[in-house]
Structures are given as C-alpha cells and as structure tokens.
Amino acid sequence: MNLLSARVPDTRVRRLSVTLYGYLFLSDLVLLYPVYVLLFSDTGLSVGQISALFVIWSVTAIVLEVPSGAWADAVSRRLLLCLAPLLTGACFALWVLAGSWWAFALGFVLWGASGALGSGALEALVHTELDRLGAAGRYARTMGRGRTAGVLGVLASMVLAGPVLAAGGYRAVGAASVLSAVLAAAVATRFPEHRSVPPPTAPADGPAGPGWRAGLRAGLAGARADRRVRAAVLLVPAVTAVWGILDEYAPLLARDTGVAASTVPLLLLPVWLGMTVGGLLAPAAERLTDRGYAALLTLAAVALTAGAAVRHPAGFLLLGVAFCALQLATVLADARLQDRITGPGRATVTSVAGMGTDLTMVVAYAGYALLAATGGHPLAFVAAAVPYLLVAGVLAVSGRAGDRPVAPQRPTTSAAR
C-alpha cells in the first residue's frame with residue numbers, strides 16, 4: 001500500500017515534468033530566434049534602432065510584469081500559460097508580413113505582454129503543484145531540466161533556421177515559428193492545476209481567496225518585509241539581466257567574425273549547448289555555497305571576456321562556457337527565490353523579481369548600444385562581464401560570515417497540502 005502511494009505522486013510529478021518540458025521546448029522552437037536580428041538589420045535598421053526595439057520589449061514587460069503576476073495569483077495560471085505563446089505567435093506573424101520598424105515595435109509589445117503573462121505564472125504553477133505532491137525539493141531539478149528543454153528547442157531552431165531560410169526566406173521561418181507557438185499553447189492545456197482561485201464575482205477579500213488587488217498588495221508586502229525574500233528577489237535580476245540581452249546581439253557578434261549570414265546559426269550552437277549543460281547541472285550544483293556561487297559567476301565573467309575579446313569564431317567555444325555558468329546561476333537563483341516565498345502571492349513575488357530583471361535589461365540595452373556604436377560588439381560583450389565580477393565580490397564577502405547553499409536541499413511544506 002505504501003509502495004502504491006509512493007508511485008502515485010511520482011506518476012503525477014512525471015506528468016507535470018513532461019508537460020513542462022514539452023511546453024518550454026515548443027515555446028523556444030522558434031526558427032526566427034537566430035535570424036530575427038539579421039531580419040532587422042537587412043530591413044535597414046541601425047544598432048541604435050534595434051536596441052530601441054529591445055527597450056520597447058523590456059518596457060512592455062516592466063509595465064505588465066507585476067500586474068500579470070498578481071493576475072496569475074487571482075485566476076488560473078494555466079490559462080495565462082495558454083495565452084502567452086499565442087501572443088508570441090502573433091508577434092512573429094506581424095514581423096514577417098509587415099516588415100517595418102513600427103511593425104517590429106508592435107510585435108515586441110505583443111512579445112513583452114506574452115513574457116509578462118508567463119513570467120511568475122509558470123514558476124508558481126510548477127512549485128505549487130510539486131509542493132502539493134510533497135516534491136517541492138525537486139523544483140531546481142525540474143526547472144533546470146525544463147530550461148534545458150527550452151534550450152534544446154533553440155538548438156533545433158539553430159539547425160533548422162539556415163536551411164529553411166535558404167529555401168523559403170524569412171516568411172517560411174516566420175510561419176514555422178507561429179506553428180510552434182500554437183502547439184505550445186495546446187500543450188499548456190495539459191498542465192495540472194489544483195489551486196483554488198476565486199470566481200470573477202468574488203469580493204476582493206472573499207472566502208475563495210484574495211482578489212487581484214489584494215493579491216498584488218500581499219505579494220508586494222511579502223517581497224518588502226522579509227529580508228531573505230528581498231535578497232533572493234534582488235539576486236535574480238543581478239544574475240539574469242545582462243546575459244539575458246547578450247544572446248540577442250550574439251548573431252551580430254558572430255557576423256563580425258567574418259562568417260556568412262547562413263553560417264551564423266551554426267556558430268551560435270556552442271552558446272546554446274553551454275546553456276543546455278548549465279540547466280542539466282542544476283541538481284549537482286544545489287550544494288554550492290555563496291562563495292562557490294561567486295566562483296561560478298567569476299568563471300562566467302572570465303570566459304565571457306576571453307570569448308568576445310578573441311574576435312574569432314573559436315571564441316564562441318568560450319562563450320559557450322560562460323553561458324553554461326550563467327544558465328546554471330540563473331536556475332539556482334530562481335530555486336532560492338521559490339524556496340523562500342510563502343503565502344498565496346508566489347506569482348506576484350516572482351514577477352517582482354522579473355520586473356527588476358526587465359528594468360535592469362533596459363539599462364543594459366542602452367549601455368550595449370552605446371558601447372557597440374563606439375567600440376564594436378566585442379567591447380560591449382567584454383563590458384558585460386563587469387557586473388558579474390561585482391556580484392561575485394559581494395557574494396564572496398558575505399559568504400565569509402557563514403556559507404549556506406544557494407538552492408534549497410530539503411523539500412518545503414505547504415499548509416494547504
């Protein structure tokens with residue numbers, strides 16, 4: 001009987017995990033990924049204009065991030081995960097059908113809204129369902145593998161983008177990207193969700209749970225009041241933001257090495273392979289202390305600097321090492337945050353961290369555009385390593401007072417279980 005009881009949660013955990021992996025794989029199986037910056041450039045946009053598009057993308061996410069997180073705490077998180085890829089698909093269709101700066105800008109508004117809907121809702125749904133099954137301790141492992149599934153989707157895009165682009169141009173690449181988005185929305189309907197949500201007519205603080213505004217207030221208060229949560233919230237953008245913009249410019253860095261446009265997707269493969277390995281290493285790295293985490297960020301900074309400074313296709317091997325370390329650091333930062341959040345406002349607090357990431361990315365986009373315009377893409381990549389050295393220094397100093405694992409080692413409990 002005990003054996004049967006143990007197998008049921010394992011089956012449900014496996015079902016949740018498989019759905020997560022399929023969702024993230026299809027969400028990132030976007031053939032436009034490795035070439036859309038080239039589409040912008042071929043349309044005649046400058047680096048400054050391209051950076052302005054990225055700022056629009058980030059500002060949209062900033063405006064919608066926390067409200068959408070509160071919405072995810074008040075309504076079905078699964079519903080938001082279904083809507084998110086459909087908005088992304090609309091973005092891709094607009095880009096390849098219209099093909100102007102304004103069309104690109106509107107597309108990024110749609111993509112930013114999509115990211116805001118999924119950010120917080122995905123992490124909260126996965127952690128809540130795992131916690132309900134008594135498997136919250138598997139969160140870092142599950143999300144690490146999930147992020148790896150997403151990277152595998154990007155890797156597949158890298159392999160397929162060149163031939164599809166050569167055969168059918170940007171429209172063929174865009175059509176394949178829209179199809180992947182629709183399939184991702186279909187997979188999202190398979191997510192389990194056993195959390196009770198208030199009906200639309202429930203009062204703001206009714207018996208079914210907090211309403212949208214009450215959830216927003218509670219989530220923001222939770223992020224401010226708990227020092228441990230606040231530190232975890234700050235760590236997420238400190239680790240995620242800068243390298244989160246670099247993959248957007250990596251095709252331009254690759255083309256600056258002298259390779260043909262059709263070769264750019266293949267040159268980016270080491271970067272995405274590194275990210276794949278980084279996600280898979282999450283279970284083994286959960287015992288990293290603050291000083292070990294600082295060493296991980298230092299490795300990333302050194303590899304990033306060397307890979308960009310060499311100005312040669314071989315440098316992308318070092319960039320792969322850097323992105324491996326940064327992907328791992330990102331998964332561990334998210335695991336630390338989810339472990340420290342308590343109460344019903346999990347998606348809201350997670351979205352606060354996402355908003356911090358988006359705000360930092362706006363600054364990073366502006367800085368990148370300035371540095372790339374004056375010193376080229378290699379200089380901008382080298383400068384991007386500096387923040388990681390600073391964060392590593394802060395963690396190394398704080399770690400002397402008593403190291404602790406960056407990610408949780410024991411399952412958390414839920415009062416609702």
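The values are calculated or read from the model by the stated rules, or taken from the named source; none is laboratory data. Only a predicted model underlies this, so the values are computations on that prediction, with no experimental measurement involved. These accessible areas exclude ligands, DNA and RNA; they are computed on the full protein's heavy atoms, side chains included. Shrake-Rupley method; radii C 1.70, N 1.55, O 1.52, S 1.80 Å.
Here are a few things to note about the model shown:
- The residues of the stretch 35-102 have, on average, 35 Å² of accessible surface per residue, using a 1.4 Å probe with all protein chains present.
- Once the convex hull of all Cα atoms in the stretch 1-155 is built, its volume per residue stands at 112 Å³.
- Solvent-accessible area, 1.4 Å probe, carbon plus sulfur percent, for the stretch 241-285: 70
- At q = 0.15, 0.16, 0.18, 0.22 Å⁻¹, base-10 log of I(q)/I(0) for the stretch 245-372 (Debye sum, equal scatterers on each alpha carbon): -0.82, -0.91, -1.08, -1.32
- Share of alpha-carbon pairs per 5 Å distance bin for the stretch 108-167, given as whole %: 4, 15, 15, 17, 18, 14, 9, 5, 3, 1
- Cα gyration tensor shape of the stretch 26-66, rounded if a/c is under 1.5, else prolate or oblate by comparing a/b with b/c: oblate
- The stretch 61-116 and the stretch 284-311: distance between their alpha carbon centers, rounded to Å: 32
- Within the accessible surface of the stretch 122-189, defined with a 1.4 Å probe on protein heavy atoms only, the carbon and sulfur portion equals 66 percent.
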